[in-house]
Amino acid sequence: MKRKKVVLLGSTGSIGCSTLEVARRLPEQIELIGLAANASVEKLVAQVRETGVKHVALADVSKEAELRARLPAGVEVHLGAEGLVELACLAEADMVLVAIVGTGGLHPALAAIECGKDLAVASKEILVMAGEVITTAAEKHGVKILPVDSEHNAIFQCLEGHRGGVDEVSRLILTASGGPFRQTPAAELAEVTVERALKHPTWDMGPKITIDSATLFNKGLEMIEARWLFGIGMERIDVIVHPQSIIHSMVEFIDGSVLAQLSRTDMVFPIQYALTWPDRLNGGLERIDFAQLAKLDFEAPRDDVFPALGLARRAGLAGGTLPAVFNAANEVAVAAFVDGKLPFPGIWELVSEVMDRHSWGQASSLESVIAADAWAREAGAAVMGNWAPMAR
């Protein structure tokens with residue numbers, strides 16, 4: 001394959017670090033040309049020295065002086081939200097991988113598409129909040145949106161080369177590990193601590209996504225993402241609990257056949273495929289030993305105990321600004337839980353209450369979804385302050 005020039009937004013997070021690992025393994029095929037971080041100056045400088053990139057962006061402008069003092073000579077610095085957009089539009093870039101948590105990735109993602117860059121998406125907010133805007137722009141500018149999440153990357157691989165399109169798809173089946181509480185009795189969930197919620201049985205992830213996995217909100221967000229990535233209705237997107245996390249997702253076709261994608265539980269696998277698509281390369285990744293695997297288990301999610309999937313389906317079916325509200329309210333709830341201000345089941349309760357209070361609106365622009373996000377955060381704070389169940 002031709003050497004691909006990649007801009008990486010969110011280089012110091014877990015996805016960013018795994019992307020650097022992919023680049024190390026495939027130096028002849030992947031060249032990182034721009035790195036962006038939020039505030040981790042020390043880590044960003046170390047990455048610049050390793051990769052030799054000539055462009056960096058830092059969202060936290062208060063650390064500009066520290067960054068400039070530590071960077072090698074000849075590195076151009078881009079700052080703040082505008083700097084992220086500048087990096088996403090570098091003329092020499094072939095692809096932009098967005099791994100920025102929160103709404104900060106929305107404008108750079110759209111800018112990359114409008115500049116004709118393929119977009120690798122690791123930030124759930126981009127498609128959950130602005131799926132209509134992003135997919136419409138990608139179609140208009142003839143660029144590809146490549147999923148980095150292991151579940152969506154698995155579905156992408158299962159559909160790759162399928163000539164019949166989604167009309168021949170019966171269901172997309174997202175697999176979920178079930179998190180640390182998949183068998184915990186409902187009556188005990190009110191006593192769950194932050195420390196317990198952060199102990200994921202399979203994946204090593206950041207705190208927000210780890211807690212989202214424990215509540216199944218992570219899977220709910222992925223359902224909405226899948227709706228936009230693959231142009232399929234929410235009614236044809238299901239979730240199955242698969243504790244081993246070896247099957248990353250499946251596609252069931254109308255003839256009853258099911259295709260599944262399997263690999264080790266390492267984010268390097270989907271990141272590599274997103275970066276090297278349409279080629280497959282040997283990056284030296286560990287293979288599955290089926291003789292040692294022993295078994296693969298499956299079970300239905302406990303929707304009555306973990307209502308996140310139902311809330312996500314409601315948001316995805318309604319569309320408009322409700323998915324943005326769903327996402328933002330969950331962020332508020334998770335932050336409150338981590339701060340000890342909300343019990344574990346209160347995460348679902350708060351999101352449901354905020355969704356109930358929302359007046360539906362169209363999500364035809366980034367401004368409309370960002371406004372819905374801001375409204376949901378204010379509403380979440382109001383619920384926290386006024387809703388009696390939150391005080392227990």
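The values are calculated or read from the model by the stated rules, or taken from the named source; none is laboratory data. Bear in mind that the values here come from a model prediction, so they are computed numbers and not experimental data. Quick reminder, even Gly has a Cβ in these numbers, built from the backbone with ideal geometry, and neighbours come from all protein chains shown. With ligands, DNA and RNA removed, areas are computed over all heavy atoms of the protein, side chains included. Shrake-Rupley method; radii C 1.70, N 1.55, O 1.52, S 1.80 Å.
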Subject >> Using a Förster distance of 25 Å, the FRET efficiency for L285-K199 (Cβ separation, nearest 0.05) >> reply: 0.45
Original post:
Taking the DSSP beta bridges in the chain as the whole, what percent of them are antiparallel, to the nearest 5?
Top reply: 25 percent
Original post:
Using the heavy atoms of the protein chains alone and a 1.4 angstrom probe, what is the accessible area of the chain per residue in square angstrom?
Top reply: 42 Å²
Subject >> Violating pairs (Cα-Cα greater than 22 angstrom) within the set K43/K208; K43/K219; K124/K208 >> reply: K43/K219
Subject >> Sorted peptide list for 184-191, 125-132, criterion being average Cβ within 10 angstrom, highest first >> reply: 125-132, 184-191
Original post:
So, in nm, how far is label L262 from label K341 when the simple model puts each one 7 Å beyond its Cα toward the Cβ?
Top reply: 4.6 nm
Original post:
Given region 149-277, what percent of its DSSP beta bridges are antiparallel, to the nearest 5?
Top reply: 65 percent
Original post:
Tell me, what % of the accessible area of region 226-302 is carbon and sulfur with a 1.4 angstrom probe?
Top reply: 51 percent
Original post:
Which residue, S62, S249, S263, has the most motion in a Gaussian network model of the chain that connects Cα atoms within less than 10 Å?
Top reply: S62
Original post:
Once you measure Cβ to Cβ distances between cysteines in the chain, which Cys have no partner under 4.7 Å?
Top reply: C17, C158
Original post:
Over all distinct alpha-carbon pairs, what is the Kirkwood Rh of region 4-148 in angstrom?
Top reply: 14.9 Å
Subject >> Cα centroid separation - region 121-184 against region 27-106, whole Å >> reply: 26 Å
Original post:
Which residue, chosen from V101, V121, L32, occupies the Cα position most advanced towards the positive end of the dipole of region 4-148, where the dipole is computed from +1 (Lys, Arg) and -1 (Asp, Glu) charges on Cβ about the Cα centre?
Top reply: L32
Subject >> Protein accessible area in region 4-148, 1.4 Å probe - carbon and sulfur % >> reply: 48 percent
Original post:
Using a basic spin-label model with each label point 7 Å from the Cα along Cα→Cβ, how many nm lie between E188 and D304?
Top reply: 1.9 nm
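Want the number for E139 to D167: 0.36 nm per residue separation, take away the alpha-carbon distance, what's left?
8.2 nm
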Original post:
Looking at G283, I173, I347, which one has the Cα that reaches farthest to the positive end of the dipole of the chain (charges on Cβ: Lys, Arg +1; Asp, Glu -1)?
Top reply: G283
